[in-house]
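Below is one structure, written out as structure tokens, with a few remarks after it.
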Amino acid sequence: MSRFLRIAAPRSVAVIDQPSVPLEAGQARVRTIYSGISAGTELTAYRGTNPYLTSTWDAESRLFQPGQEALGYPLDGWGYSEVGEVVELAPPEGPLAGAAGNDAPVQVGDIVWGIWGHRDEGVLAAEALRGHVLPAGMDPLAGAFVRVGAIALSAVLAADLGPGSTVAIFGQGVIGLLATRFAVLNGAKVIAVDGIDARRNRALGWGAVHALPPSPALAGEIRKFTGGAGVDVAIELSGNYRALHEATRAVGADGTVIAAGFYQGEAAGVRFGEEFHHNRVQLLASQIGSVPNRLRSRWTVPRLQQTVVDHLANRLVDAPSLVTHTFPLADSAKAYELLDTDAQSALQVVLEFS
């Protein structure tokens with residue numbers, strides 16, 4: 001038997017038993033070690049605000065289409081930050097293409113990261129795990145941060161940061177803190193913004209030069225720290241529209257705002273007739289489905305992800321230190337409730353599988 005997490009209805013989580021399925025040709029069975037819960041995308045499903053619940057994403061037109069084909073409850077297989085051990089492989093029907101290094105085919109015993117949802121075992125195409133093997137000696141828990149790390153790194157690359165750059169990063173949750181660390185490693189001066197003291201302190205520990213709470217005086221304080229100029233770039237990762245508006249106020253003339261949060265509903269609190277208009281602010285979206293436009297001839301999502309793995313393996317980014325709580329799968333309802341109701345204490349919540 002195997003078990004998986006089901007979001008049965010808004011704020012209702014259950015653990016479901018099902019028979020283990022035999023492998024088909026070319027598939028791998030991965031025994032889960034850790035699975036990180038997203039405090040952004042997953043909570044929108046848990047709370048009932050995710051757009052996929054009422055609309056269908058049409059990949060051809062690249063539009064959301066309201067209709068009956070939208071996902072509905074129960075939602076099975078959510079989760080995108082898994083790490084586990086390959087315990088079984090079914091040979092492919094044809095010859096398996098060989099390779100060396102990061103592109104070598106997976107083997108039984110490999111520790112891999114990937115996306116197979118909150119379940120104690122994942123069955124997926126072995127080819128989908130090519131390039132997903134963690135380096136020997138790397139903490140498996142760090143592997144649960146590859147995907148969220150790639151989201152953060154993509155936003156930092158979109159911001160085009162380097163030595164001498166100044167950036168305000170709004171939201172110091174897991175992805176915001178990872179973005180802060182990557183920005184510091186790129187040589188930028190980071191002003192971290194978050195309403196929770198503990199998160200601001202973590203940002204300072206990871207190299208931010210200032211950490212400020214949201215306030216009506218925030219843009220003015222940022223001007224003081226930057227000699228009146230404002231920051232070159234702001235990265236908004238909280239998904240809060242008010243924070244997005246404040247990001248447009250934090251940058252100076254001809255500055256750029258990278259909108260990388262997962263925003264829900266209508267944009268209440270954003271006023272584009274004020275600083276955004278008068279300072280000619282550029283607004284760019286960053287989303288993990290691709291890399292920034294100017295980098296597409298050289299960067300890919302797999303390169304993003306491998307870069308994150310390298311930084312985690314070399315301990316330039318101490319992602320496991322962001323874990324504040326672990327729960328067994330049986331207590332996953334408590335894990336979601338904690339993330340939903342106690343942002344003061346919960347940062348990264350992880351499901352741990354024995």
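The values are calculated or read from the model by the stated rules, or taken from the named source; none is laboratory data. These numbers were taken from a predicted model, which means no experiment stands behind them. Glycine also receives a Cβ, built like all others from the backbone with ideal geometry; neighbour counts cover every protein chain displayed. The protein model used for the area step is the full one, side chains on, heavy atoms only, and it has no ligands, DNA or RNA in it. Shrake-Rupley method; radii C 1.70, N 1.55, O 1.52, S 1.80 Å.
Of everything in the range 268-311 that's among the acidic types (D, E) and touching a helix residue (DSSP H, G or I) at 6+ places or on another chain (Cβ under 9 Å), which residue is least open to solvent (accessible area, probe 1.4 Å)? Outline the logic, then answer.
Of all residues in the range 268-311, those among the acidic types (D, E) come to 274-275, 310.
Cutting the leftovers down to touching a helix residue (DSSP H, G or I) at 6+ places or on another chain (Cβ under 9 Å) gives us 274-275.
Details: E274: 73, E275: 47 Å².
Among them, the one singled out is E275.
Here is a list of conditions, (1) more than 18 Å from the chain's Cα centre (by Cα); (2) open to solvent by less than 20 Å² (accessible area, probe 1.4 Å); (3) within 21 Å of H311 (Cα to Cα), and L178 meets all of them except one; can you say which number that is?
Result: L178 fails condition (1) only.
What about G173, is it open to solvent by 10 Å² or more (accessible area, probe 1.4 Å), under 18 Å from the mean Cα position of the chain (by Cα) and under 30 Å from P302 (Cβ atoms)?
Values: open to solvent by 10 Å² or more (accessible area, probe 1.4 Å): yes; under 18 Å from the mean Cα position of the chain (by Cα): yes; under 30 Å from P302 (Cβ atoms): yes.
Yes: the conditions hold for G173.
May I ask you to say which residue of R200, R242 is open to solvent by less than 60 Å² (accessible area, probe 1.4 Å), of a type in the set (D, E, K, R), without any contact (Cβ under 8 Å) to a residue 60 or more places away in the chain and in a helix (DSSP H, G or I)?
Working: R242 fails: open to solvent by less than 60 Å² (accessible area, probe 1.4 Å).
The match here is R200.
Looking at the range 3-52, which of its residues are of a type in the set (F, W, Y) and assigned to a helix (DSSP H, G or I)? Spell out how you get there, then give the answer.
If we filter the range 3-52 for residues that are of a type in the set (F, W, Y), which is where we start, we get 4, 34, 46, 52.
Y46, Y52, listed by residue number.
Looking at the range 312-354, which of the residues that are part of a strand (DSSP E or B) and under 15 Å from the mean Cα position of the chain (by Cα) is surrounded by the fewest Cβ atoms within 10 Å (Cβ to Cβ)?
Taking the range 312-354 and keeping what is part of a strand (DSSP E or B), we get 323-327, 348-352.
From what is left, the residues that are under 15 Å from the mean Cα position of the chain (by Cα) are 323, 348-350.
Working: V323: 19, Q348: 25, V349: 21, V350: 23.
Looking at residues that are part of a strand (DSSP E or B) and under 15 Å from the mean Cα position of the chain (by Cα), I get V323.
Quick one: is A260 touching a Leu at 6+ places or on another chain (Cβ under 6 Å) and of a type in the set (A, V, I, L, M, F, W, C)?
Details: touching a Leu at 6+ places or on another chain (Cβ under 6 Å): yes; of a type in the set (A, V, I, L, M, F, W, C): yes.
Considered against the rule, which asks whether it is touching a Leu at 6+ places or on another chain (Cβ under 6 Å) and of a type in the set (A, V, I, L, M, F, W, C), A260 comes out as yes.
When the range 221-239 is examined, which residues are found to be buried (at least 19 other Cβ atoms within 10 Å of the Cβ) and free of Cβ contacts under 8 Å to residues at least 60 places away in the same chain?
I222, G230
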